[in-house]
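Trainee: The structure under discussion is supplied below as structure tokens; questions concerning it will follow.
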Amino acid sequence: MTSTLPSSGAAAGPRTSKRTEMLESRPVNLDGFVEEWPEKGLVAMESDFDPAPSIRVENGVIVELDGRPRAEFDFMDTFIADHAIDVDVAERANAVPSDEIARMLVNPTVGRGEVLDLTRGLTPAKLLDVVKLMNVVEIMMAMQKMRARRMPANQAHSTSARDNPIQVAADAAEGALRGFAELETTLGVLRYAPLVAIGLQIGAQAGRGGVITQCALEEATELDLGMRGITGYAETISVYGTESVFVDGDDTPWSKAFLASAYASRGIKMRFTSGTGSEVQMGNAEGRSMLYLEIRCILMAKGAGVQGLQNGSISCIGVPGAVPGGIRAVAAENLVCNMLDLECAAGNDQSFSHSAMRRTSRLMPQMLPGQDLVCSGFSAVPNSDNMFAGSNLDVEDYDDWNTVQRDLQVDGGLRHVRSEEILAVRNRAARALQAVFAELDLPRITDDEVEAATYADSSADYPLREVLEDLKGAQSVMDRGVTGLDLVKILERTGFSDIAENYLQVLRQRVSGDLLQTSAILDADFVPQAAINDANDYAGPGTGYRLTGERWAELKRLRHVTSAENPEEEVS
Amino acid sequence: MTGPTTASLREVGPAARGTRPDEVVIAVSPAFADFFTRTIVDVPHAEVLRQVMAGVEEQGVTSRLIRVWDTADLAAIAHTGAKLSGSGICVGLLSRGTTMIHQKDLARLSNLELFPQSPLLDAAVFRGIGANAAQYAKGESPEPVPTRNDQMARPRWQAKAALLHLKEFDRIRAGVKPVEVVLESAPSLAG
Amino acid sequence: MDDGSRLVVGVDIGNSTTEACVAAVDAAGRVQRLGSALTRTTGVKGTPDNTDGAVTAVRRALEGARRDPAGLDLVLLNEATPVISGLAMETITETIITESTMIGHNPSTPGGGGLGAGTTVPIDDLVGDAPVPGGPSIVVVPRGWDFDRVAAVLNDAVGRGLELVAAVLAHDDAVLVANRLTGEPAGGAIPIVDEVGAVERVPLGMAAAVEVAAPGRTIRTLSDSYGLASVFGLDPDQTRQVAPVARALTGNRSAVVVRTPSGDVSDRRVPVGELVLTGAGKTLRVDVDAGAEAIMDLLGRVQPLEDATGEPGTHVGGMLAQVRDTMTDVTGQPAAEIRIRDVLAIDTFVPREVRGGLAGEVALENAVALAAMVRTSRSRMQVVADRVAGALHCSARIGGVEGEMAVRGALTTPGTDRPIAVLDMGGGSTDAALLTADGACTAVHVAGAGELVTKLIDSELALDDRDTAEQVKWYPLAKVESFFHVRHEDGTVQFFTEPLPAHVFARVVVMTPDGPVPVPTRHPVDHVRRVRREAKRRVFVVNALRALRQVAPGGSLRMLEFVVLLGGSALDFEIPEMIADALAGHGIVCGTGNVHGTEGPRNAVASGLVDAWATEPAGEQAGELAS
């Protein structure tokens, strides 16, 4: 259906120009756009139906929030008032005029800490009031200062349309080598999860030691895989901005907070997920703008004590993408996440537009100022293999991304890697997985499959696996209680000591708990880089993260660059 | 397209529990063939009903139409219909085209077949949905109706779907019980 | 070990699994079994590739027994020779309809009923005000016609005098159109056949007949030669010609027959080449399309088989060559020295679309499935033993021949005695070994086992999915009758308190340990069950008898007393009883092995190896360990 253009009138209609015909056929006109309907919440961030900010504190308890007395609180209000807003600064912070706070956000001479001292006491409506004053460039200015970690990073999806664990491993290895700090996977057939999660972990550690991985599943299995050390973090714990949507999903803020504490108890990094548009998409926006409801989600995450949030509309991107100012609102939601001192995994992770120009413009507000994770899912497989229903960026965009980094001298977390290095890690990841499967008595990975993994692009390039046997094997992994440590031992025993060592280092973080720090990722030396030891110290031109030195030299490389020394040659 | 292009559904009384084991209930949402006349991709509601009912009839099963007033949640609509259906099988329809086959013993949030991507549902799919519902009613095991998947449906249709959903919500009449309706079609123009 | 006992592991490398049994053997030769482990065999049995699997199995067995690998004294391997098997299937019949004489399929919902004979007329000729054709008419409706419009056009034409006796539709609209006919005969009680995919190839202006039977019935007139003769007024010669048409339509609920000048239905045999069997000083040839019985008869006349070849370019020829090539690759023996030592032919059928059919008609075509087996005397187990010794830093040696060891292990099953025969039913071959009262041991391998059963189920049910076929083979069937109960294949009903998953509703399912899994078939439970049991009977029962006859003294099953079933297929839920039933008539006690009274049908060879070593004179043992 989407291959047909919107009807441009029947043949008998008024005559149109060749120009109009040409424009009608442009990909951007395959995208959908709608008018706003603020009464129902179909509006990005500027709505007369959002409440005005207000707060009243009595005896250390918030008794009025955004015009609503405590007796009328819904459970979101209660949770936010009791757990998310810093009562000590609340009245003072909310008394500061919104334009003053907005100016502090863009003023480089005001430090990040100084802003946080105020923003941690703001109500949802006040936060909205502040960001509403900012245009998209100001939002980017503020993001540059307010994001928690100094050095930006990126995250990838590594999935397979056939849930082929060898493909996931090989693409994870390549993704890790190209620079992604985090890798996530999910499944078509959920029962495949243990094998695919093992593939992802081993592939990641074969590509670059210290990359952390996760497998998006229903909550119980996802937690189980995390506790066993087969995955390294968790992300897909969804929260919503209205009580009615929570109730429809048989959940509450407290149940989500309980789940978060289960991860924390094992030293496992985790973040929540939310995004503009989800409530209106489900018809339960309660007449509030998308951004207002998203700010409630962000505060909910803050109140639950998790270190971060994946937001930026995520799977509902088609909704803000279709209303005026929607992509500005998406940038603003990322900024609010930063303003509450949460790690932000900033979206750019779902199929967004038919237009290459729109796809690019949509990611500029995160890519240019930098984010903790610029994409919360750059597809490290072709979109046809992307089991998160497609991303805004996929493997076809690798070289474009690297070129944009080089053009604008911006660090988007990736780098160009020479083909032979990529082939080497893909091969090694597949061979390591082959050895692990053999040791675990899982269905054999043939040499042909290893060969295919080395040179493949998509799942179509791999020999078919016996799905039933694989599923039996996957079940046996769960039944036998295989843990990450078992996998480390096997890797060590089968001659993959380096991968075993990398994996063990990742597991050690669970004991130290260092990955629970805000925005923590592991660098190549397994040192956690987080908001406490790599704090964002931006204070205007010449400060903060600067793309210089070795890293800049690395990003100057592309697939084809003519040598200055000998213009008849290329360097790469 | 042959057949009527506009349909109206006339209320004939409260929806009762069916007793015939050979009936499939078709339950429509508050705005179906009412505020709205077409699905998200302009399939007329009259045609949607004609095809679903034809699919049921071809299998030798009868269909009964009801309208659910107090919710626009597809699972709730289809489950309500299933509980009123003599066979326990119901086809639930939202105005934008999203469709579900439900069975009375299933949990509300479960279903027999779900067709979530409304932009990809055309007349042939609706025909197949009717045929499958009737076969479930007969205790047969049809192959699920094949559907397509399209990652780019999100940028094109997600917001319009949300808008249609909101409009549908607007037509909800809280506390009003489901009603039995009959199809009164305008005369066919084509053919 | 401190107490003077030795830590010994017996390892059985089989076609698909490698088993290890760890035991402590004291100075007096007493065996204390400490544990066992199972892993997948790496590479083809009897080749150096087996080392990895063997080492894994030993390590795992030691881990399970909580013994330090450093304390391991000796690994005992079985003498295993490579056995490679292959499978092929040739379809040997083909139904062809020439010149569109008939449509004989089973649309799920034809419309109306009865028999109508007349001339075929395209519906386009009825649109508008032109005069309708005279005489009884059968209207043919192509794709793209909506059912409401078809009914309207037909009703209008009948109003203008058309004598409508039947209709043939492209879409699945027969009931819909029948329900909308208002003309005579009242209620539209004319036969309507639908879902005729290639309706455009129905000859127009020809004499034709359409018949639709009531639900649950099959047609009576068009499937009867004299019925066709009556309808079309045929003479005896013509009747003889249409007899194949009548036969082809038997069992259908609806049919269309068009009388064309040279139309015909033929059921022809497809030549698929020869099979050449050599043995007993003879070389005999048989056409594969002669069927399984002829092939197996011939095989009986050349026993013991020395070699078999097939015609190049046929599936069977290709399969036999492939088996030979694989063995060449594995052993390094020249292809000319590799001999096919057994074949098993089975008659089967394959549902195939009829060539020239107009509605995707399906005919059950005959086919022959062939399994072949090749073995060689060239074992390379010594290489495996050396490598295992190196990897585990212990002694390793070949402890015995697998057939003998299997029998020894089987003998530990409570209630058995010599003479004893074992049947090991694996994936590719069925193996039998006999230990006589005086200690002589003989062993044979015959072609055909679990893989062949899977293939038969897959093709006879037209599943085209090996995974599903495998599940049908392994687990009993049931029909999900509601969300809260299933009816098992034996008729018993089981209730559930939690609703079953939606995707199994109303389906035929296999009851796997992970819950019911749907079988994508329109066949009822009974049919699927019959196919499954027949496949097992034709492979395992037939092979059990074949293999046991080859080891039985004088080829007489009556000379056997105890038969013990071993291997993976001995764990099947119905194969052991099928074989026991088949052997009961010969006065044989037959049952599933229970090695050492605890291990079930597993671990016979591995524990047999340990037991055999323990009974060796101490001097020989010491010599082994010192070397």
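Every number here is computed from the coordinates shown, using simple stated rules; none is lab data. This structure is a prediction, so every number in the text was calculated from the model and none was measured. Backbone-built Cβ (ideal geometry, glycine too); neighbour counts: all protein chains shown.
Trainee: May I ask you to derive the relative contact order of segment C:99-266, considering only C-alpha pairs under 8 Å and at least 6 residues apart, and to give it as an integer percent?
Mentor: 31 percent
Trainee: Treating the beta-carbon of each Lys and Arg as +1 and of each Asp and Glu as -1, no other charges, what is the dipole magnitude of segment B:86-162 about its Cα centre, to the nearest 20 debye?
Mentor: The calculated dipole for segment B:86-162 is roughly 340 debye.
Trainee: So for chain A, averaging the separation of alpha carbon pairs under 8 Å that are six or more residues apart and normalising by length, what relative contact order in percent results?
Mentor: Once normalised by length, the contact order is 20 percent.
Trainee: Normalise the Cα radius of gyration of segment A:72-172 by 2.2 N^0.38 Å (N = residues in it) and let me know the number. Don't jump to the answer; show the numbers that get you there.
Mentor: Values: Rg = 19.4 Å, N = 101, 2.2 N^0.38 = 12.7 Å.
In units of the globular-protein estimate, segment A:72-172 measures up at 1.52.
Trainee: Among A:Thr221, C:Val140, A:Gly325, which residue has its Cα furthest toward the positive end of the charge dipole of the protein assembly as shown, with +1 on Lys/Arg Cβ and -1 on Asp/Glu Cβ?
Mentor: Highest projection toward the positive end goes to C:Val140.
Trainee: So, one more: Quick one: Cα convex hull volume of segment A:153-237, Å³ per residue?
Mentor: For segment A:153-237, the hull spanned by Cα atoms encloses 75 Å³ per residue.
Trainee: Continuing with this model, one more query. Quick one: order A:Thr562, C:Thr93 by neighbouring beta-carbon count within 10 Å, fewest to most.
Mentor: A:Thr562, C:Thr93
Trainee: Going by C-beta contacts inside 10 Å, put A:Trp401, A:Trp254, C:Trp474 in order with the fewest on the left.
Mentor: So the ranking, lowest neighbour count to highest, is A:Trp254, C:Trp474, A:Trp401.
Trainee: If you average 1/r across every pair of different Cα atoms in segment A:207-362 and take the reciprocal, what Kirkwood value do you get, in Å?
Mentor: Hydrodynamic radius (Kirkwood, Cα pairs) of segment A:207-362 is 16.0 Å.
Trainee: Separate question: So who's got an amide H within less than 5 Å of the one on A:Glu343, skipping anything under 5 residues away but keeping other chains? H placed 1.01 Å off N, in plane.
Mentor: The list, which skips near neighbours in sequence, is A:Gly308, A:Leu309, A:Ser519.
Trainee: For helix C:50-64, report the angle its Cα long axis makes with the longest principal axis of the Cα atoms of chain C; keep it between 0 and 90° and round to the nearest 10°.
Mentor: 70 degrees
Trainee: Would you mind classifying segment A:484-572 by shape? Square roots of the alpha carbon gyration tensor eigenvalues, ordered a ≥ b ≥ c; an a/c under 1.5 is rounded, otherwise it is prolate if a/b is larger than b/c and oblate if not.
Mentor: oblate
Trainee: How would C:Cys394, A:Cys375 line up from fewest to most surrounding beta-carbon atoms within 10 angstrom? The partial results should precede the final answer.
Mentor: Numbers: C:Cys394 20, A:Cys375 30.
Least to most surrounded, the residues fall as C:Cys394, A:Cys375.
Trainee: For segment C:99-266, what proportion of DSSP beta bridges, expressed in % and rounded to the nearest 5, is antiparallel?
Mentor: On the way: 14 of 26 bridges.
Percentage antiparallel, nearest 5: 55.
Trainee: Another one. So what does log10 I(q)/I(0) come out to for segment C:394-448 at q = 0.18 Å⁻¹, using the Debye formula with one equal point on every Cα and no solvent?
Mentor: One equal scatterer on each Cα of segment C:394-448 leads to -0.63.
Trainee: Report the gain in length on full extension from A:Thr109 to A:Ala460: 0.36 nm times residue separation, minus Cα-Cα distance, nm rounded to one decimal.
Mentor: Stretched fully, the A:Thr109-A:Ala460 segment lengthens by 121.0 nm.
Trainee: Where in segment A:398-442 are there trypsin sites (Lys or Arg not before Pro) that are in a DSSP coil and have at most 12 other Cβ atoms within 10 angstrom of their Cβ?
Mentor: Sparse-neighbourhood loop trypsin sites (Lys or Arg not before Pro): A:Arg418.
Trainee: Further, regarding this structure: To the nearest 0.05, how large is the calculated FRET efficiency for A:Gln505 and C:Val493 if R₀ is 35 Å and r is the Cβ-Cβ distance?
Mentor: Numbers: r = 56 Å, r/R0 = 1.60.
So the FRET efficiency works out to roughly 0.05.
Trainee: For segment C:49-90, which trypsin sites (Lys or Arg not before Pro) are both in a DSSP coil and crowded by at most 12 other Cβ atoms within 10 Å?
Mentor: Filter output for segment C:49-90: C:Arg66.
Trainee: Would you mind telling me the antiparallel percentage of the DSSP bridges in the protein assembly as shown, rounded to 5?
Mentor: Percent antiparallel among DSSP bridges in the protein assembly as shown is about 65.
Trainee: Can you give the Rg/Rh ratio of segment C:1-150, where Rg is from the C-alpha atoms and Rh is the Kirkwood radius?
Mentor: 1.63
Trainee: Give me the Kirkwood hydrodynamic radius of chain C in Å, from all C-alpha pairs, to one decimal place? If you can, show how the numbers build up before the last one.
Mentor: Numbers: mean 1/r = 0.0351 Å⁻¹.
In chain C this quantity evaluates to 28.5 Å.
Trainee: Over all directions, the average projected area of the alpha-carbon convex hull for the protein assembly as shown comes to how many nm²?
Mentor: 64.5 nm²
Trainee: Something else now. If you line up the long axis of helix A:356-367 against the longest principal axis of chain A, both from Cα atoms, how many degrees apart are they, to the nearest 10?
Mentor: Its long axis makes an angle of about 80 degrees.
Trainee: In degrees from 0 to 90, rounded to the nearest 10, what is the angle of the helix C:542-551 Cα long axis to the longest principal axis of chain C?
Mentor: Taking the Cα atoms of chain C, the angle to C:542-551 is about 30 degrees.
Trainee: Could you give me the percent of Cα pairs per 10 Å distance bin for segment C:99-266, shortest bin first, beginning at zero and ending with the bin that holds the maximum distance?
Mentor: The distribution over segment C:99-266 is 11, 43, 34, 10, 0, given as percents.
Trainee: Next question, about the same structure. Pairs of alpha-carbon atoms within less than 8 angstrom and 6+ residues apart define the contacts here; what relative contact order does segment A:413-520 have, in percent?
Mentor: In percent, rounded to a whole number, it is 20.
Trainee: Follow-up. Distance in nm between label sites at A:Glu35 and C:Arg160, each 7 Å beyond Cα in the beta-carbon direction?
Mentor: Going by the 7 Å Cα→Cβ label model, 5.0 nm.
Trainee: What ³J(HN,Hα) values, in whole Hz, does the Karplus curve 6.51 cos²θ - 1.76 cosθ + 1.60 give for segment C:290-298 when θ = phi - 60°, with x put for Gly and Pro?
Mentor: Listing the rounded values in order: 5, x, 5, 4, 4, 5, 5, 4, 5 Hz.
Trainee: Spin-label point model (7 Å from Cα, Cβ direction): what's the B:Val12 to A:Val61 distance in nm?
Mentor: Distance between label points: 5.9 nm.
Trainee: Sticking with this one: What distance in nm lies between label points placed 7 Å from Cα along the C-beta direction at C:Arg247 and C:Arg339?
Mentor: 4.2 nm
Trainee: Between C:Ala437 and C:Ala28, what is the FRET efficiency for a Förster distance of 22 Å, r being their Cβ-Cβ separation, to the nearest 0.05?
Mentor: Working from the Cβ atoms, E equals 0.20.
Trainee: In whole Hz, with x marking every Gly and Pro, tabulate ³J(HN,Hα) for segment A:143-153 from phi via Karplus 6.51 cos²θ - 1.76 cosθ + 1.60, θ = phi - 60°.
Mentor: Karplus-based 3J(HN,Hα) across segment A:143-153 equals 4, 4, 8, 8, 4, 6, 8, 5, 8, x, 8 Hz.
Trainee: Rg over Rh of chain B, using C-alpha atoms and the Kirkwood radius, what does it come to?
Mentor: 0.93
Trainee: Working from the alpha-carbon coordinates of segment A:1-122, get Rg over Rh, Rh being the Kirkwood radius.
Mentor: 1.26
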